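Read through the structure below, which is laid out as structure tokens, and then see the notes.
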């Protein structure tokens with residue numbers, strides 16, 4: 001990045017999804033601390049825009065439209081998505097430098113080819129998604145160093161909490177293979193309530209939270225979820241985007257995994273426990289999760 005003039009405009013293509021958006025923010029932090037003069041813009045689908053709102057490392061947030069990207073006039077276009085759509089956007093961005101990882105398809109698009117994270121970080125192991133994305137910034141010139149926690153900024157007033165010490169529970173997920181049974185979550189909520197915490201179940205507008213109506217439920221915007229998590233005492237949930245949001249605020253977290261690899265998607269930079277079973281998420285037991293809570297010194 002030494003070749004970029006002062007004040008250069010850098011476009012980061014993220015597009016989606018929730019967890020990926022959250023775990024992009026450490027890379028943005030590293031980039032902005034290295035070159036405070038750069039004018040950074042993220043291009044992301046509108047449904048995930050609130051993840052980046054208020055982030056001091058960003059000057060602009062845009063929807064992923066080619067016209068908007070070209071009007072931004074980037075000197076560097078950094079593709080963090082890697083799909084076909086982001087590839088052709090990178091190609092047509094007008095940027096002098098077009099960067100993407102070497103494992104992306106359509107390699108002809110890029111004139112800056114970023115190696116595997118293991119090569120950049122000089123490690124022989126699986127790398128976390130936060131490490132993977134941050135390694136690109138190291139390759140582009142930032143001094144290698146510690147990769148920080150994800151950075152989310154609460155927006156506006158927090159929604160009413162059910163009590164002074166909220167235990168936020170996210171009991172839904174995108175697929176059945178990533179969803180622990182509702183009765184199991186209700187058993188955990190009962191233990192937490194007996195220990196003095198106040199369970200609140202969260203979800204998106206289209207999620208079915210009917211099984212959890214015995215407790216407060218919240219289906220609202222990402223901005224309000226950010227504000228709720230910023231004040232939470234504990235997070236328990238499936239491996240999904242809100243787990244990464246909780247970790248960004250340093251909330252002690254118990255995350256229940258199905259097919260995803262915890263080494264790549266586990267809680268980043270927070271007190272966290274991962275619970276999994278050989279037979280998939282259906283094999284995870286309530287006593288396993290209670291044990292994880294005890295290891296976090298949460299009475300349950």
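Things to note:
- FRET efficiency, 1/(1 + (r/R0)^6) with R0 51 Å, evaluated for residue 46 and residue 195 via beta carbons: 0.85
- Mean Cβ count within 10 Å, highest first, over the residues of peptides 241-247, 179-185, 95-101: 241-247, 95-101, 179-185
- As a proxy for reagent exposure, 34, 104 were ordered by neighbouring Cβ count within 10 angstrom, fewest first; the result is 34, 104.
- The range 190-259 versus the range 20-63: alpha-carbon centroid distance in Å: 24 Å
- Most fluctuating residue given options 53, 91, 119, as computed from a GNM of the chain linking Cα atoms under 10 Å: 119
- Distance (nanometres) between label positions extended 7 Å along Cα→Cβ at residue 205 and residue 124: 5.1 nm
- Nearest-0.05 FRET efficiency for residue 277 and residue 220, computed from C-beta distance (R0 41 Å): 0.80
- The C-alpha radius of gyration of the range 166-295, expressed as a fraction of 2.2 N^0.38 Å, stands at 0.94.
- Here the relative contact order of the range 79-211, from alpha carbon pairs under 8 Å that lie six or more residues apart, stands at 15 percent.
- Extension gain, residue 107 to residue 294: 0.36 nm times the residue separation minus the Cα-Cα distance gives 62.5 nm.
- The structure shown yields Rg and Dmax of the Cα atoms in Å, and of the options [x] 18.2, 55; [y] 20.0, 60; [z] 52.0, 191 that calculated value carries the label [y].
- Estimated FRET transfer efficiency when R0 is 22 angstrom, pair residue 3-residue 59 (beta carbons, to 0.05): 0.60
- Centre-to-centre, using Cα atoms only, the range 73-116 and the range 270-300 are separated by 40 Å.
- By DSSP, the beta bridges lying fully in the chain are antiparallel in about 0 percent of cases.
- 227, 195 arranged by Cβ crowding within 10 Å, fewest neighbours leading: 195, 227
- Between residue 264 and residue 88, the simple spin-label model (points 7 angstrom out along Cα→Cβ) gives 2.7 nm.
- If a spin label sat at a point 7 angstrom from the Cα of residue 165 along the line to its beta carbon, the backbone N atoms of the range 238-263 nearer than 17 Å would be those of 251-254.
- Residues 61, 281, 225, ranked from the fewest to the most other C-beta atoms within 10 Å, line up as 61, 281, 225.
- Crossing angle, helix 182-194 versus the chain [Cα axis fit, 0-90 degrees, rounded to tens]: 70 degrees
- The relative contact order of the range 9-139, computed from alpha carbon pairs under 8 Å that lie at least 6 residues apart in sequence, is 25 percent.
Here, each number is a calculation from the coordinates, and none is a lab measurement. As the structure is a prediction and not an experimental result, all values here were calculated from the model. Positions of Cβ are backbone-derived with ideal geometry, glycine not excepted, and every protein chain shown enters the neighbour counts.
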